[in-house]
Amino acid sequence: MATGSQEQAPAAPITRYAYKPSLIGRASEFELREEGLSWRIAGRTGLWPYASLAAIRLSYRPVSMQARRFRADIENGAGARVSILSTSWQTAALMAPQDEAYRNFLCELHRRMKEAGSRAGLTAGLRPAIYWVAVTLVTLVMLAIAGLLIMAVGQHQWMAALSLVGFAALFGWQVGGFIRRNRPRSYGFDDLPRTLLP
């Protein structure tokens, strides 16, 4: 009597990502395993099944040392949260981007979550209340600059006016980019927001 053997499908390869959130201390390490998202942060560890992940928020978080810095906040059903950054501290003066590794890890995480039937809430940008406070502050600053510019032109202070125009252009470029990228919105597993991935 012959017996048939069932072939097991090969396990999905483990996808890894690590970054140093500060100069002192160990790197935060993440792995996408067959069982779920495994993480090790500051001596703590966890393994969250993909279907148990409740929310992901992607955002753009530049700092003075690195203008191209992105962040993913991942929350499980129990309310625990971990954060993944796209940059890693190298030296006291260098925060290195890890664009490709970060992007590949997040795309693979979303793919595995979809495959597991996840119902996680996928949001992009800042929380709405924080976003509108930021928009209000930026608007007030721009109005103040416009008022100073009108006064400078009215008093024929051309150098002051030119300086204000330069400051307004730089401020609008830097802060305007932050506001534009971090507009609150939802997205789908197959439609990750490109402006929030390096």
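State whether one or more residues within segment 110-118 are without any contact (Cβ under 8 Å) to a residue 40 or more places away in the chain and at negative phi. Before you say what the answer is, go through the steps one by one.
Filtering segment 110-118 for residues without any contact (Cβ under 8 Å) to a residue 40 or more places away in the chain gives none.
Checked against the condition, which is being without any contact (Cβ under 8 Å) to a residue 40 or more places away in the chain and at negative phi, segment 110-118 yields no hits at all.
From 131, 102, 60, 50, grab the single residue that is among the hydroxyl-bearing types (Ser, Thr, Tyr) and over 24 Å from residue 190 (Cα atoms).
Values: 102 fails: over 24 Å from residue 190 (Cα atoms); 60 fails: over 24 Å from residue 190 (Cα atoms); 50 fails: over 24 Å from residue 190 (Cα atoms).
Only one candidate qualifies: 131.
For segment 119-141, indicate whether the set of residues that are more than 24 Å from residue 172 (Cα to Cα) and exposed (fewer than 13 other Cβ atoms within 10 Å of the Cβ) is non-empty. Walk me through how you get there before you give the answer.
We begin by selecting, within segment 119-141, every residue more than 24 Å from residue 172 (Cα to Cα); these are 119-123.
This time we only want the ones that are exposed (fewer than 13 other Cβ atoms within 10 Å of the Cβ), so: 119, 121.
Yes, segment 119-141 has at least one match.
Does segment 95-107 contain any residue that is assigned to a strand (DSSP E or B), closer than 20 Å to residue 194 by Cβ, touching a residue at least 60 places away in the same chain (Cβ under 8 Å) and among the hydroxyl-bearing types (Ser, Thr, Tyr)?
Quick first cut of segment 95-107, residues assigned to a strand (DSSP E or B) only: 95-97.
If we keep only those that are closer than 20 Å to residue 194 by Cβ as well, we get 97.
If we keep only those that are touching a residue at least 60 places away in the same chain (Cβ under 8 Å) as well, we get 97.
Retained after the next criterion (residues that are among the hydroxyl-bearing types (Ser, Thr, Tyr)): none.
Looking through segment 95-107, none of the residues is assigned to a strand (DSSP E or B), closer than 20 Å to residue 194 by Cβ, touching a residue at least 60 places away in the same chain (Cβ under 8 Å) and among the hydroxyl-bearing types (Ser, Thr, Tyr).
Quick check on my filter: what residues within segment 150-185 are at pLDDT below 80, farther than 30 Å from residue 57 by Cα and aromatic (Phe, Trp, Tyr)?
167
Surrounded by fewer than 12 Cβ atoms within 10 Å (Cβ to Cβ) and outside the structural domain of residue 77 (by TED's automatic domain parsing), is that true of residue 90?
Numbers: surrounded by fewer than 12 Cβ atoms within 10 Å (Cβ to Cβ): yes; outside the structural domain of residue 77 (by TED's automatic domain parsing): no.
Spelling it out, it is not the case that residue 90 is surrounded by fewer than 12 Cβ atoms within 10 Å (Cβ to Cβ) and outside the structural domain of residue 77 (by TED's automatic domain parsing).
Applying the selection to segment 62-81, what residues are modelled with pLDDT of 90 or more and under 12 Å from the mean Cα position of the chain (by Cα)?
69, 70, 71, 72, 73, 74
Would you check if residue 116 is small (Gly, Ala, Ser) and modelled with pLDDT under 85?
Answer is no for this residue.
The values are calculated or read from the model by the stated rules, or taken from the named source; none is laboratory data. Not measured: the values here are computed from a predicted model. In this analysis, Cβ positions are derived from the backbone assuming ideal geometry, glycine residues included, and neighbour counts consider all displayed protein chains.
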